[in-house]
1. Measuring from centroid to centroid over Cα atoms, what is the spacing of the range A:696-721 and the range A:621-653 in Å?
2. For the range A:657-754, what does the convex hull of the Cα positions come to per residue, in cubic angstrom?
3. State to the nearest 20 debye the size of the charge dipole of the range A:665-707 about its Cα centre, where the only charges are +1 on K and R beta carbons and -1 on D and E beta carbons.
4. List the residues, sorted by chain then number, that are 5 or more residues from A:THR244 or on another chain and whose placed amide H is less than 5 Å from its amide H.
5. Which entries of A:LYS194/A:LYS585; A:LYS146/A:LYS289; A:LYS47/A:LYS578; A:LYS450/A:LYS524; A:LYS151/A:LYS553 show an alpha-carbon separation above 28 angstrom in the structure shown?
6. Reachable aspartates and glutamates from A:LYS237, Cα under 15 Å, same-chain residues fewer than 8 places away excluded?
7. So which of A:LYS16/A:LYS624; A:LYS134/A:LYS491; A:LYS303/A:LYS467; A:LYS134/A:LYS488; A:LYS215/A:LYS582; A:LYS32/A:LYS648 end up more than 27 Å apart, counting from Cα to Cα?
8. Tell me the trypsin sites (Lys or Arg not before Pro) within the range A:295-393 that lie in a loop according to DSSP and have at most 14 other beta-carbon atoms within 10 Å.
Amino acid sequence: MKESYDFKSIEQKWQKVWEEKDLFHVTEDESKKKFYCLEMFPYPSGKLHMGHVRNYSIGDVVARFKVMNGYNVLHPIGFDSFGLPAENAAIKNGSHPAVWTSSNIAEMEHQLRQMGFSYDWDREVCTYKEDYYKWMQWIFIRFWEKGLAYKKENPVNWCPSCATVLANEQVVDGCCERCGAVVTKKKLSQWYLKITDYADRLLDDIDKLEGWPEKVKTMQRNWIGRSEGTEVDFTLKDSGIKMTVFTTRVDTIYGVTFMVISPEHPLVDELIKGYPQEEACRAYIEQAKRQTDIERTSTTKEKTGQFTGRYVINPATGKEVPLYLADYVLMGYGTGIVMGVPFGDQRDFEFATKFGLDIIPVIDPGRDDIDIDNLTAAFEAEGTMINSGKYNGLNNVEAIKRMQEDFGAQGFARNTTNFKLRDWLISRQRYWGCPIPMVYCDDCGWVPEKDENLPVLLPTDVEFTGKGESPIATSKTFVNTVCPRCGKPAKREVDTMDTFLDSSWYFLRYCDASNAEEPFSRKKAAYWMDVDQYIGGVEHAILHLLYSRFFTKVLYDIGMCDVEEPFRNLLTQGMVLKDGSKMSKSLGNVVSPEEIINRYGADTARLFILFAAPPERELEWSDKGVEGSYRFLGRVYRLIYDLAEDTKGIPAVFRVETDDDRQLNRILNTAVKRVTDDISKRFNFNTAISAVMELVNEMYRYKSLDDVNLGLLRDAAEKLVLLLAPFVPHICEEMWEGLGFNEPVYKQPWPQYSEDALAMDTIEIVVQINGKVKEKLNVAAGLSKEEFTQTVMSDDRVKALTEGKNIVKAIAVPDKLLNLVVKG
RNA sequence: GCCGGCGUGAUGGAAUUGGCAGACGUACCGGACUCAAAAUCCGGCGGUGGCGACACCGUGCGGGUUCGACCCCCGCCGCCGGCACCA
């Protein structure tokens, strides 16, 4: 141990030692409790940014803490390395995406090692490599066999700038999640995964995710969007065609005054043919088509529509009502036809108002402040049924049940559930992704490639122009093949998979990363799964986290893994800000981790980022704060350096004799307790670190006293190093060695605290008069309520305070306070 | 519009869940060391009034519950996320 804190040589030295000792390598060990600590793997964009540093620093504290607490810890890392940026770089530089990707990975691996994260590098997973995407394809074929993958022509979200289709989840406010271009609609034949088959389970099992933030669970619930209701068959007048609607409010069926059908509905063409309104209808359909999703779905937009000339018969009342086209009805949800109840639905209310349609009150709110004959908005709350035939007088919620039963028995209605969740569109018209291992044969249709022929390799003879669709189609060697079933000439699928498939099971591959026989062994996955702690950005709340849950359930169902939910506990870390806004190149407020590592070292970077804010909150970057963290490490280093000398050969056994001894010992034990609790129960690393700072301050104070107990100081020094080890591992290894130990601090048992040491003989308590603090006194700790009150009341200063006053009441909280309620 | 979250000194944030508001850090001020500076060590630091012991005010705003409220309840305001014509 050198006299001054030379972070550069210390960090290099210990990173080398860790690597040589292969310290972070783990294997399955049935004799130990396992802990799977996982951080979301990065996209290899080139260099680490502060968001990565924060994410991985948090994970590293947890992983190292669990190791010290005796767990067998799996802490892996890899790269989510297919995707558009590599392809764009290839177009720009004329090189292959693999070149760009692998050099970026090399750079980022180097930086991750520089940060001193405790990864088992032997398990590194890179999704662009053949040994990974082979199994991706293999899994895709299992989905196909289960009927969970299909190809279908549909209007899809198309990003003109990325020249590819997008999943619903990737469209944000009508724009491309990646590039921000306005998304258009295009009719294309595309591959889908049937995530909707799992909608119920994905929704119901959210309740089991006790270790997830409420916010993320709510977002997933909303996204899946289950709503239970009734399908009711209306009938088209003069034709008998069934016009089925979905409603959650069947109780308002007597209030139906019109019907609305989506302009894209396949029935529309037939409905309008030959009617006087046909031409107007066709014009309306055309203009609806021209609108973007943003225009179309804006709630502020005034309702538009067009009467079709047709009428529909209400099966409950026998009444006929006019049928309109209106673009506020979405083809993709429910049946694409809606019963119009202006009384009970705000959208229908606006529509009826605009087109002069009747509003029939069907529920009596029983309130004076609402005039149901002159509504200004729809009435959407509960009440008593009116104008509804034999249902009059019932509570409307009760009426829903009765109507469902009655209408069901009469054969024109049934209970149904609808979801907002759509099937997952997974084909992408891009090169740099996992090829979809399907072959089209004129005789056999779509056939999966044989397992023994996997992987279907990405061809290398492809032109990157960035213009055409599906670059793989330009390969001369790829497309033509033979049908895996009948052997006749056939063509391969030229689209690649959405990269979100790659990241939907990588956590399983980590359990058995080099398996050449299967994606992962069930036994090894059974040992490690589920992930005990998952850490990453909240931006993945729906996309990645929902898809991974879906994959895990499917793999569970086909007997490949033993858990139904992949992530037991989830921590979503906040963003790193500079000057109040997100670090970004365009704002020019980026602080690079590299810069900080070179100037202050990895330990300082880690410490600052953990100390500046609790992990879930946003973190405001502060250069001054970084310096403070650096100063603190220097302060600790000097303290241990001195104590290593002063306490050489002195065992960490001691007697606590003086008041100062007791105080140091108490603060030491408090620090152990707080750091332990703050890491394991609350993830409040900032307060954990502040407890250590208090200990350091106290050690400096104690050290300068005349009468010091070196055994006690020795004990404090050792525990101090152990407490800091998960946060700042390099400096702690150095100090641990400096204290004379040979084994790495990484493997040391976590320090324990003693309850006795935490206890104080006397405690400063507060005396309040009418809730205001008036006096502080020291009294013996651990008194009963009566003894406590007695002791405090008999104190002269308290007597003086209450002199001549009438004590109405005394509230005693032993060891804390006595509040006297006085009058006069 | 609906659903979350947040609002505390100059500043990042504490207050382990109803019991001393402002821990710890930054900034700032002062002292020690130094020829000097840096580094380091020690001390001060919510506001107003007072030489002072002390008094009053103070956790976005207005009410309430309670002996006691940053914390619980009601009504607002502001900021940040997410969802949004889902029938």
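The values are calculated or read from the model by the stated rules, or taken from the named source; none is laboratory data. Every value quoted in this text rests on a predicted model; they were computed, and no experiment measured them. With ideal geometry, Cβ positions are generated from the backbone for all residues, glycine too; neighbour counts draw on all protein chains shown. Accessible surface areas use protein heavy atoms only, side chains included; no ligands, DNA or RNA. Shrake-Rupley method; radii C 1.70, N 1.55, O 1.52, S 1.80 Å.
1. Each part reduced to its Cα centre gives a spacing of 12 Å.
2. Hull volume normalised by residue count: 97 Å³.
3. My answer is approximately 220 debye.
4. It is A:PHE234, by chain and number.
5. Violating the 28 Å limit, Cα to Cα: A:LYS194/A:LYS585; A:LYS146/A:LYS289.
6. A:LYS237 reaches A:GLU270, A:GLU320.
7. On the way: A:LYS16/A:LYS624 31 Å; A:LYS134/A:LYS491 19 Å; A:LYS303/A:LYS467 38 Å; A:LYS134/A:LYS488 24 Å; A:LYS215/A:LYS582 21 Å; A:LYS32/A:LYS648 35 Å.
Distance filter (> 27 Å) returns A:LYS16/A:LYS624; A:LYS303/A:LYS467; A:LYS32/A:LYS648.
8. Loop-located and lightly packed - A:LYS301, A:LYS319, A:ARG367.
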